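To start, the structure under review is shown below, and the notes come after it.
Laboratory data are not the source of any read-out in this text; all were calculated from the coordinates shown. Not measured: the values here are computed from a predicted model. A quick note on method: Cβ atoms are made from the backbone with ideal geometry, for glycine too, and the neighbour counts reach across all protein chains shown.
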Amino acid sequence: MKINSLGYAAMLLCAGAAQAQSSNVVLYGLLDVNVSNYDSGAKAKAGNLTLVQDGTVNGLNGSRWGMRVTEDLGNDLKAGVVMEGGLLADTGALAQGGRAFGRQVFVSLTSASLGELRMGRQYILEDSVMGLSNPFVNALTLNQGTAVTNMGKSLPFWLNAPRADNVVQYATPTWAGFTGTVQIAPGEATADRFHGLKAAYTLGNFNSALSYEWNKSRSSGSDTNKSLTLAANYNFGLFKLLGGYQKNDELTTTSGNGAAAGIGLTVTGPNGVFTADAIKGYTLGVEVPLGDFLLGSNYSSVEYSGVAANKTGKSATLGKLGFGVKYGFSKNTFVYSSISFASGDLQEYISQERVMQVGLRKSF
């Protein structure tokens, strides 16, 4: 919904309308709810569970509302604002820990010839790279960025904490299909400093990108949580092939911000319990459009590795095979369904050995 910024300011802000006449304000929203059934592995002993949940888990998108503001400053320069809050449509609660604008909130300056500068809470670069590697773009039970519950404790599959606080980001213009982006977020004495780099290349139906992200520990000063992600896809018309690879080293649970924020690293499997300090994995998938339907399937796998108390290295594997379908009633309204099956060493030790879900998503 687009509204004149003069009227918006008069209604909501009572601010100086004369200074904002060239601005454009867009209000938008999205609701996504699904019903998911979880069947746990025999060792996990979590049983069978059916949940109604927001699209932040297994959906096409997390529910949200937001506002975008753009102002043409002239001389190839535009100013912008994005304020986006997440909500849980199944309960009505705020998402992202109850933040008012937990999904993203930033101010920007953009020039077609010089690039874009953003400051505020933003998506980290790895999230967009990973989105190139799987059908439905980081969604449904096919999403390799969704964590698993390993014997009652959360464990990342691919590393993907999608947002970071206090981020300053610069993105270059596109040069012959290439773009580059850099992020930095100071720890501000409460979190480790976060850094991110991304390079992307597009040529016709081919899309590719890589990101490298890491923390600078506020206690030791060493580099930790080093995460390399690569992804590519090619659209052949009748179908699209997708794939990706991720390698994470020097993992910790104390970053407080960035790609490793909020993760757990305790792995319980057939080889006992150990703390993982490295995770590597790959994904391969296919996407097939059939009229108003979109079909997708992929297989993703990871290996957790670490050092046990007796200094003998331990490792464990976990895989996920997924199938999904999306049907569009319009460009704003979709129904979807998917199913995934676990494999590997930890198959029987997680609460998501088999997941089925069906959902409805509406944007406006």
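Observations on the structure shown:
- From largest to smallest, the equivalent ellipsoid semi-axes obtained for region 68-108 from the alpha-carbon gyration tensor read 30, 8, 5 Å.
- Distance from region 270-320 to region 180-223 (C-alpha centre basis), Å: 22 Å
- Whole-number percent relative contact order across the chain, with pairs defined as alpha carbons under 8 Å at least 6 apart: 16 percent
- Highest to lowest packing among 276-287, 220-231, scored as the average C-beta count within 10 Å: 276-287, 220-231
- Sparsely packed chymotrypsin sites (Phe, Trp or Tyr not before Pro) within region 227-272, loop by DSSP, other Cβ within 10 Å at most 16: F236, F239
- In loop segments of region 295-355 as defined by DSSP, the trypsin sites (Lys or Arg not before Pro) with at most 13 further C-beta atoms inside 10 Å of their C-beta are K311, K331.
- Built from the Cα atoms of region 242-341, the convex hull projects on average onto 8.5 nm², one quarter of its surface area.
- Taking Cα centre as origin and charging only the Cβ of basic (Lys, Arg, +1) and acidic (Asp, Glu, -1) residues, the dipole magnitude of the chain rounds to 200 debye.
- Dipole of region 221-364 [Lys/Arg +1, Asp/Glu -1 at C-beta], most positive-end residue of G243, V288, Y304: V288
- Computed label-point distance, nm, for sites E348 and Y234 using a 7 Å Cα→Cβ extension: 4.1 nm
- Of the peptides 174-185, 155-166, the order by per-residue mean of other Cβ atoms within 10 Å, starting with the highest, comes out as 155-166, 174-185.
- Euclidean distance of C-alpha centroids, region 227-247 and region 331-363, integer Å: 20 Å
- The chain: proportion of alpha-carbon pairs further apart than 36 angstrom, %: 23 percent
- Most to least packed among 32-39, 265-272 [average Cβ atoms within 10 Å]: 32-39, 265-272
- Projecting the Cα atoms of S22, S211, I339 onto the charge dipole of the chain (Cβ charges, centred on the Cα centre) puts I339 farthest toward the positive pole.
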